[in-house]
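The values are calculated or read from the model by the stated rules, or taken from the named source; none is laboratory data. Since the model is a prediction, treat every value here as computed from it, not as a measurement. Every residue, glycine among them, receives a Cβ derived from its backbone with ideal geometry; neighbour counts consider all protein chains shown. Heads up: the accessible areas ignore ligands, DNA and RNA and are worked out on the full protein's heavy atoms, side chains in. Shrake-Rupley method; radii C 1.70, N 1.55, O 1.52, S 1.80 Å.
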Amino acid sequence: MAIQVGDTIPNCTLTYAPFNAENPDACALPQQIQTHSAFKGKKVVLFAVPGAFTPTCSEGHMPEYAQRVGEIKGKGVDVVACVATNDPFVMDAWGKTFGVKDSILMLSDANGEFGSAIGLINDGTKNRMGPLRLSRFAMVIDDLKVVYLGVEPVRGVTVSGASSVIAKL
């Protein structure tokens, strides 16, 4: 069963390659975070994409977040994060194409641990995209509790887009 509003997010390990202002073109060594320690006591906007560099993700989902991250944080959000089942180097490179630097935390759930734990993982094999792909969704997390969850019912970006999330903040 998928996570619901009011639920506590599971404690899972995610990875990311930290942005390095001194060498912005290089990928740093991946670091691990635990969702509970990273998000406890914070207001977080977490949006998920099926895959970095894919058409809908790159044309319809990430651009609006990259453009409006300041507005989102201006509404009291401590962390804006994007998660996909791509590896942390791909997530880092994708973030760089949008110039997000460290304004959006580019998280990797490469083993699908988080997506499986929240029940929002899909099998991408029929589309030749590998067995684990996250559903397209956005959630607002306040001190580990889900206060908004928008899962896309079909291809496209509506309830998981930055505009929808901003309206819920």
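Observations
- Pairs where the first residue, in segment 72-83, is touching a residue at least 40 places away in the same chain (Cβ under 8 Å) and the second is of a type in the set (Gly, Ala, Ser), C-beta under 9 Å, 6+ apart: ILE72/ALA162; VAL79/ALA38; VAL83/ALA48; VAL83/SER108; VAL83/GLY115
- Conditions (1) on the phi < 0 side of the Ramachandran plot; (2) surrounded by fewer than 16 Cβ atoms within 10 Å (Cβ to Cβ): number failed by CYS57: (2)
- Looking across segment 20-71, the residues that are farther than 28 Å from VAL147 by Cβ and aliphatic (A, V, I, L, M) come down to ALA21, ALA26, ALA28, LEU29.
- LEU169 over 25 Å from PRO30 (Cα atoms), open to solvent by less than 60 Å² (accessible area, probe 1.4 Å) and touching a residue at least 60 places away in the same chain (Cβ under 8 Å): yes
- Being of a type outside the set (Val, Ile, Thr), buried (at least 16 other Cβ atoms within 10 Å of the Cβ), in contact (Cβ under 8 Å) with a residue 12 or more places away in the chain and part of a helix (DSSP H, G or I) is a property that MET106 lacks.
- Pairing each residue of segment 1-25 that is under 17 Å from PHE137 (Cα atoms) and of a type in the set (Gly, Ala, Ser) with any residue that is open to solvent by less than 80 Å² (accessible area, probe 1.4 Å) and part of a loop (DSSP other than H, G, I, E, B), provided the two are 6+ apart or on different chains, yields C-beta distances under 9 Å for ALA2/ILE118; ALA2/GLY119; ALA2/LEU120; ALA2/SER135.
- Flag if PRO63 is surrounded by 21 or more Cβ atoms within 10 Å (Cβ to Cβ) and under 19 Å from GLY156 (Cα atoms): no
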